[in-house]
Amino acid sequence: MKQRLLIMVSCSFALHAWLLWAAPAVDVDQAPSGTTALKLGQLKLAAAPAAPQAVEAPVPVKPESAKPVAAKPEPVKPEPVAKPKPVKKPAPPKPTTKPAQKKAEPIVAQPQVAAETKPQDEASAPKSTQQSVSDEPVLIERPAFASPPGAPVYPELARKRRQQGTVVVEVQLDQAGAQVVRRLLKSSGVDSLDEAALKAVAGWNFLPYREGGRARVSRVQLPIRFAL
């Protein structure tokens, strides 16, 4: 196509050049202007052939690839729900007939047995009262000593500080006269004097207290004075 166009264009130029060369010279002043213009216009029209339009080759259209069509999911059929079976209610237990219980016959107390038990109860009553009375400690104003009591040791620090006071110690004695409980009934206000009094009383020996020829539990209150 390009070569044909070039050949046609070159032929057109050659034809125009030959026409210009073969045409006679015309005086511009003598010749009418309209005629000259007409000739020139005719020459121009004859010299310009219509150029063929280039036809573009058709572009091949690519066929569109078919898109895969997604398969529609099949609807899921709901599973049949099993109906709950009716629960059988257990039959109520039949009431069992209990055998009729025989009524216990009342026991009649024999008068002889009651007569024999009365003296025993009366005899045991005085013993219990005697034991309860003997268990209570009797307060003694003047205790009896098995040996002369030793004097308490005066604490050296209390002596230097000129500390004095009276301590009251209570001692509980059993039926043999041995010390069972020993406690501080009244403090002197000085710890060293209180400890010295308790230590001295712990070494004292007492005689048992007797009442009506019988030993009794007793208690005694012992005042111990520390003085300079």
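Looking at 169, 181, which one is touching a strand residue (DSSP E or B) at 6+ places or on another chain (Cβ under 6 Å), closer than 25 Å to residue 137 by Cβ and surrounded by 17 or more Cβ atoms within 10 Å (Cβ to Cβ)? Working first, answer last.
Working: 181 fails: surrounded by 17 or more Cβ atoms within 10 Å (Cβ to Cβ).
It is 169.
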Worksheet item: Quick one: what pairs do we get from the range 151-171, first residue within 13 Å of residue 191 (Cα to Cα) and outside the structural domain of residue 219 (by TED's automatic domain parsing), second basic (Lys, Arg) and surrounded by fewer than 17 Cβ atoms within 10 Å (Cβ to Cβ), C-beta under 7 Å, 6+ apart or different chains?
Response: none
Fill in: Members of the range 187-200 found to be buried (at least 16 other Cβ atoms within 10 Å of the Cβ) and within 56 Å of the chain's Cα centre (by Cα), listed by number
190, 192, 194
Worksheet item: When the range 206-224 is examined, which residues are found to be modelled with pLDDT of 95 or more and surrounded by fewer than 13 Cβ atoms within 10 Å (Cβ to Cβ)?
Response: 223
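The values are calculated or read from the model by the stated rules, or taken from the named source; none is laboratory data. Computed from a prediction, not measured in an experiment: that's the story for all the values here. Every residue, glycine among them, receives a Cβ derived from its backbone with ideal geometry; neighbour counts consider all protein chains shown.
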